[in-house]
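Here the structure is laid out as structure tokens; the discussion comes afterwards.
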């Protein structure tokens, strides 16, 4: 019993921080609404257009600002008060969901409006996400960063379990517009949580100031730092082709498995449930570095292949649960490795590049996977994603062999800049 309690304390150690608990609760509520909107938006596009290519186009438009502006969003994150920027941008994101909801429930919505509002959301993400990612270290300190990042990923996947299942039922009963309105309301929670944080217990990174060439400076810094360049390369490979589930799963549910919105919701929820279990394991036992990242990429590829070949909805749900577990492991290890190996004044720019690799690659991968699915079927699209993850694992393994055992490996709390921040981070 004592050992079990000890594991529990280790798994949830970052929740001992009051500020993080407030932030965690607000984000958890908001993300349920975000997943509801994501499911409803994909289904709405299919209802309006009956086209997997146009669905891929909407996904790409939402990610295009991230691709174009994500690195500059990282520059801004290094310059400004991250909490204040997040409050402003989360408010705008709530208004975007409100407009989409009102257009849909009134029956006035058109495909071009959905596409335009998706691009507006992507523009907000390009600036909000680098700040949110870099803010985590300021909130909890280097010793608890990996645990906080992983628990944050767990909230995403709890929301992925609850949100899609609820969205599937709501879409059938009341239509997509209600999901958008619920998401708009959920942003109140996250904005409130940011407003009530105790700012005296936050340790901000020193601002980078404003000068010419800061974006080039960040790119050069990553290029000469293998601890950052290699994880970003693996993330780019997988982000481009493997994480296009918002394109492949709706088509798989509707055509290959002959299901509807409810089946799609259950499929996404199964992935989220697996990610919750995997995330809690990583929170307690996870490590950072290229070796665990490569292993997570290999597992990810194998399980996505299983999802592509699943013969029925029941087998599909089991396979997607494994996909979710491997997915959260890969993302958590990659995120923590990058943050712990980044200089404090460069962290926003590094996380801006992480955002480009993770989400900004979708304008390339989304339409490509949509085109592949249109020419074949959703299972082939998933198999392409599985091959990309296995390729990333092979690239990581090759780098480890070339650089020698122990290269680019780090324990939780280790890394560039963490020593300088340890004393300041202790008060959080």
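The values are calculated or read from the model by the stated rules, or taken from the named source; none is laboratory data. Keep in mind the model is a prediction, meaning the values are calculated, not measured. Every residue, glycine among them, receives a Cβ derived from its backbone with ideal geometry; neighbour counts consider all protein chains shown.
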Counting only residues in region 358-371 that are buried (at least 24 other Cβ atoms within 10 Å of the Cβ) and at pLDDT 85 or above, the one farthest from residue 52 (Cα to Cα) is identified as 365
Taking first residues from region 17-35 that are free of Cβ contacts under 8 Å to residues at least 40 places away in the same chain and second residues anywhere that are part of a helix (DSSP H, G or I), the pairs with Cβ under 8 Å that are 6 or more apart or on different chains are 21/15
- Message: Take the conditions part of a helix (DSSP H, G or I), modelled with pLDDT under 85 and buried (at least 19 other Cβ atoms within 10 Å of the Cβ) and apply them to residue 73. Does it pass?
- Response: no
Hey, does region 137-153 have a residue that's touching a residue at least 40 places away in the same chain (Cβ under 8 Å), in a helix (DSSP H, G or I), over 21 Å from residue 206 (Cβ atoms) and in contact with a strand residue (DSSP E or B) (Cβ under 7 Å, 6 or more places away or on another chain)? yes
Inside region 255-287, the number of residues satisfying the requirement of being at pLDDT below 80, more than 19 Å from the chain's Cα centre (by Cα) and in a helix (DSSP H, G or I) is 6
Given the conditions (1) under 24 Å from the mean Cα position of the chain (by Cα); (2) closer than 30 Å to residue 278 by Cβ; (3) in a helix (DSSP H, G or I), every one holds for residue 172 apart from (1)
Checked region 265-288 for anything crowded, with 24+ Cβ neighbours inside 10 Å and touching a strand residue (DSSP E or B) at 6+ places or on another chain (Cβ under 9 Å); matches are 288
